[in-house]
Amino acid sequence: MTEPQQVSAYPLPPLQYINQYTDENVKRGRAPAPPTPIEEYTTFGNSFTANDQIIRTLESQNFRRLHPTMYDHKRELKKLNHSILANFLDMLDILIKAPESAKRHEKLEDINLLFIHMHHLINEFRPHQARETLRVMMELQKKKRDEVTEKFQGYLDKVKELIQSCANALPDDFSLDSKVLVKSEILTSEYDEAERVNGAEGCDKLDRMMCDIVEGMG
């Protein structure tokens, strides 16, 4: 059974395009010019420009405003919700009694306008939602860093305690065995003689001295 291929959320740009932007081409001015910024675009049949507001006003979209300029979002959303339910019941009553009546189209336009207003009020919360999402992400990052710092501090304290315990375990008087207490001049002369006998391939003089001291301690 073949494993599913992983698709990157951010795919690489076309190679035939990025290969033209080498250091040599950029240095000699052979790289293609960047594309011109898009000033106007169409989404779902509606035209937009790059300078448009993120949340456009109802008047700029040719919709009649049903609520005042200064308002409470929570209160207005509740009122719109009740109005939609009331108009929906009226729509059902018209469909039962006079389905061919012109009031059916009027009531449908009213319901459509109410949903547009509700959608607009919800969109006005998007900046607040973005700020709250960013705040939660930063708090999560701070919490993870605090946990890492706390763990590191715990390990550091344990290492300090271990070093301190090792230091306290060391004796105050380093008395050595008489076999180890030899004159350095005698050792130096002996190793000089061994160096001449063994030649340049012999081990280091200090290493040989250390080996003999360790053997004497044993």
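Just so it is clear, none of the values below were taken in a lab; they were calculated from the coordinates. Since we're looking at a predicted model, the values are computed, not measured. Glycine gets a Cβ as well: all are built from the backbone with ideal geometry, and neighbour counts include every protein chain shown.
Label-point separation (nm) for K74 and K103, each offset 7 Å from Cα along Cα-to-Cβ?
Roughly 3.7 nm, to one decimal.
DSSP loop GluC sites (Glu not before Pro) in the stretch 1-110 with at most 13 other Cβ atoms within 10 Å of their Cβ, which ones?
Details: sites: E24, E39, E40, E59, E76, E100, E106, E109; in loops: E39, E100.
When the GluC sites (Glu not before Pro) of the stretch 1-110 are filtered for loop state and at most 13 Cβ neighbours within 10 Å, E39, E100 remain.
State the extension gain, in nm to one decimal, for the chain segment bounded by L162 and L85, taking 0.36 nm per residue of separation less the distance between their alpha-carbons. Let's see the in-between values first.
Numbers: separation 77, 0.36 × 77 = 27.72 nm, distance 7.23 nm.
The L162-L85 span can extend by a further 20.5 nm.
Please rank L12, L140, L66, fewest neighbouring Cβ atoms within 10 Å first, as an exposure proxy.
Details: L12 7, L140 10, L66 15.
Taking fewest neighbouring Cβ atoms as first place, the list is L12, L140, L66.
Distance in nm between label sites at A130 and Y10, each 7 Å beyond Cα in the beta-carbon direction?
In this crude spin-label approximation the distance works out to 1.8 nm.
Enter the Cα centre distance for the pair the stretch 105-146 and the stretch 26-96, rounded to the nearest angstrom.
Distance between centres, Cα-based: 13 Å.
Between S60 and F152, what is the label-point separation in nm under the 7 Å Cα-to-beta-carbon projection?
Each label point lies 7 Å from its Cα, and together they span 4.7 nm.
What's the local net charge at L134, with K and R +1, D and E -1, over the other residues with C-beta under 13 Å away?
Details: positive: R126, R131, R135, K142; negative: E132, E139.
Its environment carries a net charge of +2.
May I ask you to compute the full-extension gain from F48 to K27, defined as 0.36 nm times their residue separation minus their alpha-carbon distance, rounded to one decimal in nm?
Details: separation 21, 0.36 × 21 = 7.56 nm, distance 3.72 nm.
Length gained between F48 and K27: 3.8 nm.
Just the Cα atoms of the stretch 81-141: what Rg and Dmax do they give in Å?
Rg then Dmax for the stretch 81-141, in Å: 19.0, 61.
For a quick check: sort S60, S8, S101, S83 by the number of other beta carbons within 10 angstrom, fewest at the front. Don't skip to the answer; put the middle values down first.
Details: S60 9, S8 6, S101 12, S83 17.
If I rank by nearby Cβ atoms, fewest first, I get S8, S60, S101, S83.
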